[in-house]
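*Asks:* Have a look at this one.
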Amino acid sequence: MITVNLTLMVEAFFFLLFFAVTRRIVWQPLMQLMEQRRETFESRRAAAAQKEADAQQLSESYRNKLERTTQQAIQKKNNAVYAAHQARRALITGLKARADLEVLEYRTLLQNELEKHRKAFPEILPGLIEVMDYQIEKGGRLL
């Protein structure tokens, strides 16, 4: 059996004293250090999460800006192509009008020339008939 004597009481007292001193000197600072580390990690995790959210937001902002810039570039290109098309169409329309005018002038010139030859035809017809008759009698051919 266990007997309670002075040695046991002194050992119990020293054990409790050791426990109190150890708790005060080692355990509480260790717990405080662990709590500080936990708080530090939590604050760093929160800061990292915030920075990640900021990075996501910045990435989305850049993506939107890039999309807008791309759309603007496409719009500028389309506008330039449309303007070039309109300029080319205007040039072609102008050239066509000029060509139509030249054709009309040439047609008028040809009609005048034809009319002049038609008026002269009755005068040269008898001579033409004589030449044709001579060719047929001479060689049997007109050409």
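Every number here is computed from the coordinates shown, using simple stated rules; none is lab data. All values derive from a computational prediction rather than experimental measurement.
*Asks:* On a full-extension model of 0.36 nm per residue, what is the gain between Phe13 and Asp133, subtracting their alpha-carbon distance, rounded to one decimal in nm?
*Replies:* On the way: separation 120, 0.36 × 120 = 43.20 nm, distance 16.35 nm.
Additional length available on full extension: 26.8 nm.
*Asks:* Taking Cα centroids, how far is the range 74-115 from the range 1-41 in Å?
*Replies:* So the separation of the two Cα centres works out to 106 Å.
*Asks:* Excluding residues on the same chain fewer than 8 positions from Lys77, give the aspartates and glutamates whose Cα lies under 19 Å from its Cα.
*Replies:* Glu67
*Asks:* Over all alpha-carbon pairs in the range 21-109, figure out the percentage whose distance exceeds 16 Å.
*Replies:* 78
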